[in-house]
Amino acid sequence: MDRLLVVGAGPKAMAVAAKAHVLRELGLPAPQVTVVEPHAVGGNWLPSGGWTDGRHRLGTSPEKDVGFPYHSTWSRGNSHAIDRAMMAFSWTSFQVERGTYAEWVDRGRPHPQHHVWAKYLQWVAKKSGVELVRGSVRTISGAADGWLVSVVDGDGSATEIATDRLMITGPGQSGRALADHPKVLSIAKFWDLVARRRLPVSSRAAVIGGGETAGSAMDELVRHDVLTVSVISPGATIYTRGESYFENAMYSDPAKWRALSLQERRDVVRRTDRGVFSVRVQESLLGDSRVHHLQGRVVRVAGQGEGVALTLRNEQRSDRVHAFDLVVDATGGEPLWFLEMFDADAADRVELALGGPITMDRLEASIGHDLAVSGLDAKLYLPNLAGLAQGPGFPNLSCLGELSDRVLASGPSSARAAMRSTTTAAAS
Ligand SMILES: Cc1cc2nc3c(=O)[nH]c(=O)nc-3n(C[C@H](O)[C@H](O)[C@H](O)COP(=O)(O)OP(=O)(O)OC[C@H]3O[C@@H](n4cnc5c(N)ncnc54)[C@H](O)[C@@H]3O)c2cc1C
């Protein structure tokens with residue numbers, strides 16, 4: 001049977017699990033989906049994942065759920081049936097089943113706290129009956145027929161799982177900090193201290209980074225007793241994601257994306273995604289006179305008395321040094337974090353498909369319509385790197401229904417499928 005293994009039980013895994021369940025129910029082909037996760041379903045939306053304390057709110061609407069935009073392109077004749085069946089996995093159905101739908105509407109459809117979003121994802125997991133393997137993926141090797149994935153559980157025992165196709169999700173670990181200094185916190189350390197109410201008292205705090213990770217950290221810091229909170233990012237300003245119809249439509253429906261030039265695509269991503277706080281985060285921060293923006297890249301971190309001095313570099317000016325007594329490194333995950341798991345042979349296969357050493361640019365450019373690396377015999381789906389080539393909504397929560405269509409419609413590579421059918425025919 002065609003098997004798809006997903007690394008990480010976040011929204012992308014649940015979108016694929018729900019769609020595979022629906023396809024099977026409708027008598028359509030779908031792989032057996034296995035999801036490997038060390039924490040819990042929705043782990044990165046809970047304090048244990050190290051990216052949030054779970055109490056901050058989702059930036060996007062929860063109606064952008066695992067089926068959104070409910071415009072299946074999987075198979076023309078079955079699209080409506082698929083969309084109808086996917087509605088059973090919607091955020092609205094979740095609210096109805098919990099008995100909280102009317103209250104949610106009457107309260108003005110608030111964006112849920114991250115831990116409630118995790119509960120929604122756990123509900124999807126249960127309803128879809130997806131196979132969950134508790135553990136961390138440690139190594140990925142190439143196999144004759146796909147990939148061999150080694151999973152280590154909490155007790156340290158390892159299991160090997162063979163899979164035809166592999167999908168990597170999530171931003172990796174959150175424990176990395178710009179410098180090893182007690183006043184420079186990784187995002188995991190920051191949320192851990194917040195949860196334990198042990199965040200050091202500070203008068204001049206800084207958050208490095210301009211995305212949702214930084215936004216949530218700022219949102220938390222302004223609730224504490226600080227004199228100033230500076231957000232540091234290379235851009236001239238922190239943009240607000242406008243949430244206008246035109247911007248949102250680009251994220252929900254990537255159909256027009258391929259017609260844009262590379263420069264236009266980069267421009268859209270820069271203006272709407274990178275260095276951008278959601279409208280909700282901006283609303284709570286802009287009215288606060290303690291919040292400032294400092295432009296620049298941090299090129300040096302040095303201890304200074306009880307605090308730290310950060311050197312900020314801008315192309316047009318000389319370096320400037322700013323002193324803080326607390327710094328949060330919220331620059332986000334390392335996009336290529338998953339390469340650490342690839343053994344030499346698996347990495348060679350990817351290099352061969354890319355036609356050169358593995359780089360971010362090459363990988364981004366290689367992502368095909370099915371969100372997999374083009375030219376690889378065994379499918380390797382990297383939706384988090386699909387933004388530039390396929391659409392800005394694929395790395396985030398903007399079009400999870402379209403993401404699952406693209407992944408599931410592609411099947412194992414046609415060459416291998418053909419080989420299999422020849423083998424089956426010869427055997428019978
Ligand atoms: C604080 C914060 C707020 C955000 N808010 C929004 C928002 O409102 N809207 C939006 O569109 N995007 C938001 N994002 C971006 C968000 O991360 C992505 O949109 C989305 O969560 C990615 O989903 P995912 O399924 O790829 O991964 P995740 O939800 O990040 O899940 C990845 C999973 O992989 C697991 N994992 C890690 N390593 C391994 C391993 N070795 N083996 C097995 N499992 C592993 C983790 O435990 C985790 O559960 C936010 C990000 C952050 C950090």
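The values are calculated or read from the model by the stated rules, or taken from the named source; none is laboratory data. If you're wondering where the values come from, they're calculated on a predicted model, not measured in any experiment. Don't worry about glycine lacking a Cβ; one is built from the backbone with ideal geometry, like all the others, and counts go over all protein chains shown. Protein only, heavy atoms only, side chains kept; ligands, DNA and RNA dropped before computing areas. Shrake-Rupley method; radii C 1.70, N 1.55, O 1.52, S 1.80 Å.
Normalised by residue number, the volume inside the convex hull of the Cα atoms of region 147-239 is 163 Å³ per residue.
Spin-label pair Glu351-Ala309: with each label point 7 Å from Cα along the Cα-Cβ axis, the two points sit 4.2 nm from one another.
Inter-label distance, Ile161 to Val96: 3.1 nm, where each label sits 7 Å from its Cα along the C-beta direction. Estimated translational diffusion coefficient (Stokes-Einstein, Kirkwood radius over Cα pairs, 4 °C, 1.567 mPa s) of the chain: 57 µm² per second. Please go through the residue pairs Lys119/Lys189; Lys19/Lys189; Lys127/Lys189; Lys126/Lys256; Lys127/Lys256 and name each one whose alpha carbons sit more than 30 Å apart in this structure. With Cα atoms farther than 30 Å apart: Lys19/Lys189; Lys127/Lys189; Lys126/Lys256; Lys127/Lys256.
Would you please classify the overall shape of region 119-275 from the alpha carbon gyration tensor, given that a ≥ b ≥ c denote the square roots of the eigenvalues, rounded means a/c under 1.5, and beyond that prolate means a/b larger than b/c while oblate covers the rest? Note, shape of region 119-275 comes out oblate. What region 178-260 shows is 49 Å² of accessible area per residue, with the surface traced by a 1.4 Å probe over protein heavy atoms. What FRET efficiency do you get for Ala236 and Arg24 if R0 is 51 Å and r is their Cβ-Cβ distance, rounded to the nearest 0.05? With a Förster radius of 51 Å, E is 0.50.
In this rough spin-label picture, where each label sits 7 Å from Cα along the Cβ direction, the Ser61-Ser79 distance is 2.1 nm.
Oblate is the label for region 109-188. Its Cα gyration tensor axes, ordered a ≥ b ≥ c, give a/c of at least 1.5 and b/c at or above a/b. Sorted largest first, the principal axis extents computed over the alpha-carbon atoms of region 1-100 equal 44, 33, 22 Å. Taking 0.36 nm per residue of separation and subtracting the Cα-Cα distance, full extension of the segment from Asp180 to Arg290 would add 36.9 nm. Mean residue ellipticity at 222 nm, helices only, the chain: -10000 deg cm²/dmol; runs of at least 4 DSSP H residues each add -39,500 (n - 2.57), and the sum is divided by the number of residues. Seen from a random direction on average, the alpha-carbon convex hull of region 212-276 projects onto 5.6 square nanometres.
The loop-placed trypsin sites (Lys or Arg not before Pro) in region 13-108, going by DSSP, that have at most 10 neighbouring Cβ atoms within 10 Å of their Cβ come out as Arg107.
Full extension of the chain between His39 and Val279 gives 83.4 nm of extra length, using 0.36 nm per residue less the Cα-Cα distance.
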